[in-house]
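Asker: Provided herewith is a single structure, encoded as structure tokens, for subsequent inquiry.
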Amino acid sequence: MIMEVIDSVREMQKRCDELHCAGRRIGLVPTMGYLHEGHLSLVRLIRGKVGEDGVVIVSIFVNPTQFGPGEDFEVYPRDFERDRRLCLREGVDLIFHPSAAEMYVPGATVYVSEDRLSRGLCGRSRPGHFRGVLTVVAKLFNIIRPDVAVFGRKDAQQLRLIERMVTDLNYPIEIVAAPIVRESDGLAMSSRNTYLSEHQRRQALCLNRALQAAEEAFAGGERDPVRLKATMASITADVPEVEVEYIEIVDWETLERLSSPIERKALAAMAARVGGTRLIDNTLLDPTAK
């Protein structure tokens, strides 16, 4: 199968109808492009899910509705030709690359919102962000109708929201959670890492160090979320160039802030600005893990 590139919603729907009628299993990797090894690991993971007879689709769309005023929509890194070459190398079957005008009809007034999981963490400082995320993912699901879709755990709140949406809106789609992929120095891979200077990148490593410190304390028996957060904060406090937005430990299922000892899977999550670049990172703390 030669890799296809489709930019029309109607054409994409028609092509996916053909694939479904042919009995092909469809796997979707939603991205905003400027692909890196983290994205490519998702492609490999979804190929394993759909098999060699299945179809791997990568969507590349910088979604304007998930960017707030003053955020980096206009300068968000884009290089479609580079992305196309990487997808071809990884054996992607089809790229869906629509324009904003193609994805959002004039005068659109219907959006997908969530009222609980989206309130804290990044949702607190980015009002409307997750409404934009859920809306575009719902649209991709409706256009492509994948059997399985993969999302990275680096965007943990996004992942939980999409899992909730699939359950609540009865999407017959398997959601696969992929592990965080890190650079050799430990920095979580992100397209926004390209904004960082060498000095800023070194400063940004304190996020991973803080999470590692929490992991080590947790492995040593610490279950108090207040003390674990203090451990994380002590690491970032040594790097004044890093402006911490939040350091939180929340229940993995509800994403609600924990104040009592951790008894089931929890998420240690943080967001910070380094030289104006907003970065997020997280780790799971699971007292039941063996």
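The values are calculated or read from the model by the stated rules, or taken from the named source; none is laboratory data. A quick note: this is a predicted structure, and the numbers were derived from the prediction, not measured. Ideal geometry is used to build each Cβ from the backbone, glycine not excepted, and the neighbour counts take in all protein chains shown.
Asker: Of all residues in region 258-285, which are among the hydroxyl-bearing types (Ser, Thr, Tyr) and within 21 Å of Gly70 (Cβ to Cβ)?
Answerer: Answer for region 258-285, where residues must be among the hydroxyl-bearing types (Ser, Thr, Tyr) and within 21 Å of Gly70 (Cβ to Cβ): just Thr277.
Asker: Another question about this same structure. Just checking, does region 24-40 include any residue being without any contact (Cβ under 8 Å) to a residue 60 or more places away in the chain, surrounded by fewer than 20 Cβ atoms within 10 Å (Cβ to Cβ), touching a strand residue (DSSP E or B) at 6+ places or on another chain (Cβ under 7 Å) and under 21 Å from Lys139 (Cα atoms)?
Answerer: Yes.
Asker: Please work out which residue is surrounded by the fewest Cβ atoms within 10 Å (Cβ to Cβ), limiting yourself to region 47-102 and to residues that are small (Gly, Ala, Ser) and in contact with a Lys or Arg (Cβ under 8 Å, 6 or more places away or on another chain).
Answerer: Gly51
Asker: Which number in (1) touching a helix residue (DSSP H, G or I) at 6+ places or on another chain (Cβ under 6 Å); (2) over 20 Å from Gln157 (Cβ atoms); (3) of a type outside the set (Gly, Ala, Ser); (4) without any contact (Cβ under 8 Å) to a residue 40 or more places away in the chain marks the one condition that Ile249 misses?
Answerer: (2)
Asker: Using the structure shown, decide if Val58 is among the hydrophobic types (A, V, I, L, M, F, W, C) and assigned to a strand (DSSP E or B).
Answerer: Yes: the conditions hold for Val58.
Asker: Still on this structure: In the list Glu90, Glu11, Glu18, Glu4, which residue meets the criterion of being more than 26 Å from Ser125 (Cα to Cα), modelled with pLDDT of 95 or more and in contact with a strand residue (DSSP E or B) (Cβ under 6 Å, 6 or more places away or on another chain)?
Answerer: Unique residue meeting the criteria: Glu4.
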